[in-house]
1. Multiply the residue gap between Asn385 and Val432 by 0.36 nm, knock off their C-alpha separation, and tell me the result in nm, one decimal place.
2. What is the gain in length, in nm to one decimal, between Arg244 and Ile42 on full extension, counting 0.36 nm per residue of separation less the C-alpha to C-alpha distance?
3. Which loop chymotrypsin sites (Phe, Trp or Tyr not before Pro) in the stretch 74-116, with loop taken from DSSP, have no more than 12 other Cβ atoms within 10 angstrom of their Cβ?
4. Per the Kirkwood treatment, what hydrodynamic radius in Å, one decimal, follows for the stretch 398-467 from the mean inverse distance over all distinct Cα pairs?
5. Quick check: at a probe of 1.4 Å, how many percent of the accessible area of the stretch 44-104 sits on carbon and sulfur atoms?
6. For Arg252 paired with Thr522, estimate the spin-label separation in nm (one decimal), with each label point 7 Å from Cα along the Cα-to-Cβ line.
7. Shape of the stretch 127-241 from its Cα gyration tensor (a ≥ b ≥ c, root eigenvalues): rounded if a/c is under 1.5, otherwise prolate when a/b > b/c, or oblate?
8. For the stretch 119-267, what % of the accessible area comes from carbon and sulfur atoms, probe 1.4 Å?
Amino acid sequence: MSEKDYAPLSTACVRALHDKLYEKRKTAALEIEKMVKEFAVINNTSQIRRLLKVLGQDFALSQNPHARKGGLIGLAATAIALGKDTSNYTDELIKPILGCLSDQDLRVRYYACESLYNVVKVSRGAVLPHFAAIFNALSKIATDPDQHVKNASELLDRLLKDIVTESTCFDLEGFMPLLRERIYTKVTFARQFVISWISVLDMVPDIDLIFYLPEILDGLFRILGDTNLEVKKMCETTLSEFLRNIKSDPSRVNFPAMINILINHAQEKNDDLVQFIAITWIKEFVQLSGPAMLPYMSGIFTAVLPCLAYDTDARRTHLHYYHFEMSSAVVFFVPNFIFLNAVTDIKETATAVNFTLMKLIAVHGDESSARVNQIGYIPVNASTNQLDLPSVVDVLTQFIMHNSIQTKVAVLKWIHDLYTKLPDDMINHIDVLFPALQHTLSDEADQVVQQCLVVIAEVISSPVAKRSSPVNSEGATGKHTGCDTNPYYNKFLISLLQSFNTEKRLLDERGSFIISGNLEVTVDFLMEIDKLVQLIESPIFAYLRLDLLQVPCDKNLIRALYGLLMLLPQTDAFQTLKSRLSCIPSLHMHCEEKGGFSFGSVPECKRNIDFAKLLQHFIEVQEKYKEYKKMMRVKDLTYAEKELSNLEI
């Protein structure tokens, strides 16, 4: 190649730039710096551009690694000589250097970092139009195996962060596509690089990263799951700062765009910290956005309900061991409380989410009732924040079969709450839920069965069911007997009897528990029934016995007497009551309401009795009696312990 091919470089300068010795290349760089300053004084831009072309193409792209090093030091010298005028030549300066950052020769990569550092230092804000390209190259070189190259890249990285922080014209929108791509890297050092940049950008006052958070939130949670504790801690800190900003100004946050991301990561069972932070975010989202979360309740249930069953002690032991093993291999201290809190608080945070959702449903139920009262029905799509009840019911139906007692009880409480708050809507899903509820009666846990009975009691006595039911107490005849019959009452009883008939184990182990609900059948209780039977046989209750001859008969009275009979053991009282009930004419049990006759008139005193009030009084007395018995048990136990201690003395 002739001398004119390298013009305006001298032959000696060209030879020195090709030399393998750094000192000779440095001498050539000083000559280039002097030459460029002279060109700048006389504003000879054509010669400057010619020089940059020679350095950027003939040297930086040369097959000779020493020539590439010479071209890099020459480009740095040119930038230093140009000073503030470097902004007019950033393309010619930066692009050749970026190409060398991925060179196979580690020394070339090192000099590329050094050269770009000098260019950026001189150019400052003028390099921002090339920020995406520089960031892309730096994110790759952050994983360089050579420590010297990594050190040089870190110096360049810090300089670039200073420039971005002080700038007022950073193109965040143009940078986001690259950040979205790079945030999914699986390389630990690349993740550390990305997190550091997100943290810096979030601290810039003129940059609103919250607006773009939905685009990077998934990637952040993936980085949070990194095995490197330093990266984990950096990401946790960044997420905490984002959440703090969200809580300070929720009005600018797109909650719906992020909730599904959180739901997905809240189901991460292999990393307690990821799961804990995701559920914490869900809790804040529900509290801050309120009705905006109603369409996503089924997903939130999927994430939260299983967490109610966590054995925090077992998980704490496991995670403590994990922390010990990792901390012995990584020279970075992460406070142990971060992980212990994650284990301890997952269940508590999930419980808080569950409670907040119940309050949200209560408000939603009140609003729905208000709309019904106002216009007579709930309009479809009345609001964008509508509860997706079919998907909620579907999730609850699935989790009612969960292997955890806590989760199943929570699901049953939710079903009961929804029937209470949204009866008009829930009645449409009874055919889906009812079989699952019936199946749950055979659960091994008393707490689950008891809560299931509460739900079934609500379902079969639902006033909405009474109004909506096409089947009345007299079936297809259309005749009204004076009371609305919920069809699911009969369905439940028939199904329960069939279950008892086909599953002997269910009858033996659960029969008395299901049928009695919360009634404690004790010897004292049976003695009270015995006394009641004697009262019924006394003269003062003659009118009550005569009521058994009424046509139509008082079915409730007869059922009550037969109920007492079923509770009694086969004693004298049992035989007495049985003989009395056998005297009831069986024909009268099937008489129609009209056209019958009466053996006696109903006493006036009976017509004025407030049976509902009497029933409430009975329940209150029963509860007081239970409390009294409990108190007496505690007293007896205390006395026994005292006597035992005296014996030991």
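The values are calculated or read from the model by the stated rules, or taken from the named source; none is laboratory data. Because the structure is a prediction, the values reported are computed rather than measured. Glycine also receives a Cβ, built like all others from the backbone with ideal geometry; neighbour counts cover every protein chain displayed. Remember, those area values only see protein heavy atoms, side chains included, never the ligands or the DNA or RNA. Shrake-Rupley method; radii C 1.70, N 1.55, O 1.52, S 1.80 Å.
1. Values: separation 47, 0.36 × 47 = 16.92 nm, distance 2.42 nm.
Length gained between Asn385 and Val432: 14.5 nm.
2. Details: separation 202, 0.36 × 202 = 72.72 nm, distance 5.53 nm.
Roughly 67.2 nm would be gained on extension.
3. Details: sites: Tyr89, Tyr110, Tyr111; in loops: none.
Sparse-neighbourhood loop chymotrypsin sites (Phe, Trp or Tyr not before Pro): none present.
4. Details: mean 1/r = 0.0832 Å⁻¹.
Final number for the Kirkwood radius of the stretch 398-467 is 12.0 Å.
5. Details: 1090 of 2480 Å².
Ligands and nucleic acids excluded, carbon and sulfur give 44 percent.
6. About 6.6 nm separates the two model spin labels.
7. Details: a/c = 1.61, a/b = 1.06, b/c = 1.52.
In terms of gyration-tensor shape, oblate.
8. Working: 3150 of 6270 Å².
In the stretch 119-267, the share of accessible area belonging to carbon and sulfur is 50 percent.
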